[in-house]
Amino acid sequence: MAGAHAEARAIQVALKLGIFELLAQSSQDENAIAAALGTDRRATMLLANGMVALGLLEKHDGIYRLSGAADRYLVKSSPEYLGGMILFDEAIFPYWATLEDSIRSGAWARSPDMFQSAPEDTERFIRAMDSLTRARGDAAWVADHLDLAGVRTVADLGGGPGTYLAAIVRRHSKMRGAVWDLPATLKVTRRILAEREPEVMARIELLEVDYLKGPLPGPVNAVFMSNIVHSEQETDNAYLMLKCFDAIAPGGLIALKDHVMNRDLTDPRAGAIFSLYLLLTTRGRDYSFDEIAGWLSAAGFIDTKMQRLPNPPFTSSLITARRP
């Protein structure tokens, strides 16, 4: 476990240099790979051998080719391409070097602006969220299992790339939806939906919303949010639930998908470790069911329930509640 950073960094660099895209075109030896990428031959051999050891490349008689896992997750043309998330991790990797400082001070390592200050940061972050969701299949699972009977309008609050909402409205042919998010994000959302979801774009509205400032649009029959509350502090989340209550029509639904922790905040394991990511880049952490249920109850929601997503491949849970 203590040395896992070496494997992660090697994968990030191999992806960033373009090794997997190159070998998706044809199998090659180390000389051809180095020449195509403009890298040192010996160093390229060591990196490629590392990818073989990790099961991402195969090597026979000095010729490298993609493994099945790499072809599925590390080539851009794949519908399960995970590279967007890996490149995001590569971009924030330097902040892990300052973790000790954050533990000592309690302060974040990067200003928690939701990656809005520079277009390239926004693009990388939003595409990372799309990439991770598609690779794991979260959106398809939610669309198949979230009970939206009677729902005609749904808002994806902080919906980022629109991946979840697109899957939901594709599953429910008479439903219309809206992504509520920040202006810089919605520019990326529009591009991603045009690339990947052109058949449902007509039923998705993009609305500029800062959920920390002012009321939310509405009314809608349902508000969905994935991985939102973990980015905010407790008081802001409690206030956000009040705003959602006002934005949802009577009888409507709120659904939150996130790492939902036990009372000790130690399980699931992925959530406990992810809280360190959040310490470095946000105001939040992963919260327990009791904490989230408390915010919902205080806002006026009833019938709060939690369903754990199958693990593997997922590490999240789905909390739902109703407005009376």
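Here are the numbers for the structure shown:
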| item | result |
| --- | --- |
| Within region 167-195, tally of residues that are touching an Asp or Glu at 6+ places or on another chain (Cβ under 6 Å) and either among the polar types (S, T, N, Q) or surrounded by fewer than 16 Cβ atoms within 10 Å (Cβ to Cβ) (or both) | 1 |
| Tally of residues being touching a Gly at 6+ places or on another chain (Cβ under 6 Å) and either outside any helix (DSSP H, G or I) or at pLDDT below 95 (or both) across region 6-22 | 0 |
| Filtered residues of region 106-134 (kept if out of contact with any helix residue (DSSP H, G or I) (no Cβ under 7 Å at 6 or more places or on another chain) and among the basic types (Lys, Arg)) | none |
| Selection count where residues are of a type in the set (Phe, Trp, Tyr) and surrounded by fewer than 19 Cβ atoms within 10 Å (Cβ to Cβ), scope region 285-313 | 1 |
| Complete set of residues in region 168-193 that are in contact (Cβ under 8 Å) with a residue 40 or more places away in the chain and either touching a Gly at 6+ places or on another chain (Cβ under 9 Å) or of a type in the set (Gly, Ala, Ser) (or both) | 168, 178, 182, 184, 185, 188, 189, 192 |
| Residue list for region 20-54, restricted to those being out of contact with any Lys or Arg (no Cβ under 8 Å at 6 or more places or on another chain) and in contact (Cβ under 8 Å) with a residue 40 or more places away in the chain | 20, 24, 50, 51, 54 |
| Those residues of region 169-205 which are within 15 Å of residue 130 (Cβ to Cβ), in contact with a strand residue (DSSP E or B) (Cβ under 7 Å, 6 or more places away or on another chain) and among the hydrophobic types (A, V, I, L, M, F, W, C), in sequence order | 179, 186, 193, 204 |
| Hits in region 196-226 - residues which are surrounded by fewer than 20 Cβ atoms within 10 Å (Cβ to Cβ) and under 18 Å from the mean Cα position of the chain (by Cα) | 196, 197 |
| Qualifying residue in region 66-88 (condition: farther than 30 Å from residue 161 by Cβ and of a type outside the set (Ser, Thr, Tyr)) | no |
| Region 228-280: number of residues that are touching a helix residue (DSSP H, G or I) at 6+ places or on another chain (Cβ under 7 Å) and either part of a strand (DSSP E or B) or not assigned by TED's automatic domain parsing to the domain that holds residue 141 (or both) | 6 |
| Boolean, residue 196 is more than 28 Å from residue 276 (Cβ to Cβ) and modelled with pLDDT of 95 or more | no |
| Residue match in region 185-201 (condition: within 25 Å of residue 305 (Cβ to Cβ) and either among the hydrophobic types (A, V, I, L, M, F, W, C) or touching a helix residue (DSSP H, G or I) at 6+ places or on another chain (Cβ under 7 Å) (or both)) | no |
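The values are calculated or read from the model by the stated rules, or taken from the named source; none is laboratory data. Here the structure is a predicted model, which means the values were calculated and not measured. Backbone-built Cβ (ideal geometry, glycine too); neighbour counts: all protein chains shown.
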